[in-house]
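Input: a single structure, listed below in structure tokens.
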Amino acid sequence: MKLFLSFFLIFISFAISSCSKEDNKNDASAPLSGKWFIQYYWDEKDETVDFSGYIFEFLTNGEVTATNPAGTVTGTWQETSNKFNLNFGSNPVLQELNNDWLKIDRTSSFLHLEEDNPAQDDELHFKRL
């Protein structure tokens, strides 16, 4: 029994230490390069489907493009240590994303944003393709 427990503890230690932490690491300095999609959007109800087909690209000059089969819309984005601002102007669909979001988690492949007003429960998740 002692031998089994020893092997079990060694196995668990090895498994934990060998896990990659890269995708779970909150890294606000990771570039938002590549193409992104909205994995989840909540505004009083799940509205993720409203953004299906859109691909987002965050450009280094502060522009963001949202492209779907109907065309491309250009907006702006700005990031601080704890905020992420998006603005697509008055576009009928994308204006839902216009906000000064609270940054909850940010890695090189995932961006989790939430409304900073406690009276609202908006939540937005971007995932890199």
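With a cut-off of 11 Å between beta carbons, the residues surrounding D116 carry a summed charge of -2, where Lys and Arg count +1 and Asp and Glu -1. Using alpha carbons only, the radius of gyration of region 61-110 set against its Kirkwood radius gives Rg/Rh = 0.99. For region 93-110, the Karplus equation 6.51 cos²θ - 1.76 cosθ + 1.60, evaluated at θ = phi - 60°, returns couplings of 8, 6, 4, 4, 8, 5, 5, 9, 6, 7, 7, 9, 8, 8, 10, 6, 10, 8 Hz by residue, with Gly and Pro reported as x.
Bear in mind these aren't lab numbers, they're just calculated from the coordinates by the rules spelled out. Computed from a prediction, not measured in an experiment: that's the story for all the values here. A quick note on method: Cβ atoms are made from the backbone with ideal geometry, for glycine too, and the neighbour counts reach across all protein chains shown.
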